[in-house]
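Worksheet: one structure, shown below.
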Amino acid sequence: MAEEKIVLVRLLNLEEDSGYFRAASIALVPGERCVVEHGGLRLGVVTRVLEAGEAISEQLERVVRPATPADLDAFPRNLTDAEEVLSATREAVSRNGLPMHLVAVEYTLDRSDLRIYFTAPHRVDFRSLLRELAARYGVRIELRQMGARDEARLKGGVGRCGRVVCCHTFLGEPKPVPMELAYDQELFVSPERITGICGRLMCCLAYEHEAYKREVGRMPKLGAWVSAGEKRGKVIAHNIFRGTVTLLTDERERIEVDAASAEVLPAAKRPKR
């Protein structure tokens, strides 16, 4: 049995989903735009073409057609109209007194569905709003609640590093970043300095976390008493980049010494306080 073509497609929607679709006999090449079925008709870009058995391809949503000039014209028009819907929906939210912050709106390519993204501090009863919008626009409407990280991922922005935030550029699924990561890296700073534009801890704290843990694990622990040459003191900080530890000596002096030369003192030789 001949193998069927499947394609990896990056959807040109707000969430920039990527997925595999059944191409059947439609000839496509990487970089080409196509229309797929994914919660309605969506415009996407082919990133890869593969071969798969029929049993696999049957489980996938399908490619409807290569994008036509009409599809390419409809896409930017839908973006413009979605901005007008967003403005009108904000007025409706205010009129209904709902505790919602609208983030974005998007149409499917064929305008059969309208998806509205919002954030809220808790669950919201938006049934009256949904009825009003359905009567006004005459399409199926989905209201999708999201978290602060998801809002930053959709809208983008510039982080403290001066670059566009990671979640908007390459992080497909941002994960929660617990405060333990900051503690493990000894980032004893004000929370504002390690908080992203979403109001949560910055995703980049997780990138080198395992490396920090590994390197710090090779050094004397915080609070340990060590000797380094003729000096001895309590470890109050690590510097994994220089391979050093900072000691607070008996004379209340702060000194930085090579971690490899610092020997942990047995309990009998530690100062008693």
* Whichever residue in region 135-170 is within 14 Å of residue 105 (Cα to Cα) and not charged (D, E, K, R) and, among such residues, is farthest from the chain's Cα centre (by Cα) -> 137
* Mind checking which residues of region 178-201 are in contact (Cβ under 8 Å) with a residue 40 or more places away in the chain and touching a strand residue (DSSP E or B) at 6+ places or on another chain (Cβ under 7 Å)? -> 186
* Asked: If you go through region 104-114 one residue at a time, do you hit one that is among the basic types (Lys, Arg) and over 28 Å from the mean Cα position of the chain (by Cα)?
  -> no
* When region 97-127 is examined, which residues are found to be within 19 Å of residue 84 (Cβ to Cβ), of a type in the set (Val, Ile, Thr) and part of a strand (DSSP E or B)? -> 103, 105, 116
* Asked: How many residues are closer than 19 Å to residue 95 by Cβ, at pLDDT below 90 and out of contact with any Pro (no Cβ under 8 Å at 6 or more places or on another chain) if we restrict to region 110-127?
  -> 3
* Restricted to region 208-226, and to residues that are in a helix (DSSP H, G or I) and acidic (Asp, Glu), which residue is nearest to residue 263 (Cα to Cα)? -> 215
* Would you please name the residue that is surrounded by the most Cβ atoms within 10 Å (Cβ to Cβ), looking only at residues in region 134-166 that are out of contact with any Phe, Trp or Tyr (no Cβ under 7 Å at 6 or more places or on another chain) and among the basic types (Lys, Arg)? => 153
* **Selection count where residues are in contact with a helix residue (DSSP H, G or I) (Cβ under 7 Å, 6 or more places away or on another chain) and among the charged types (D, E, K, R), scope region 193-234** => 2
* Within region 144-156, is even one residue farther than 25 Å from residue 85 by Cβ and among the polar types (S, T, N, Q)? -> no
* Asked: What number of residues in region 167-211 are surrounded by fewer than 18 Cβ atoms within 10 Å (Cβ to Cβ) and closer than 15 Å to residue 240 by Cα?
  -> 8
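The values are calculated or read from the model by the stated rules, or taken from the named source; none is laboratory data. The structure presented is a predicted model; accordingly, all values stated were derived computationally and were not measured. Cβ atoms come from the backbone with ideal geometry, glycine included; neighbour counts cover every protein chain shown.
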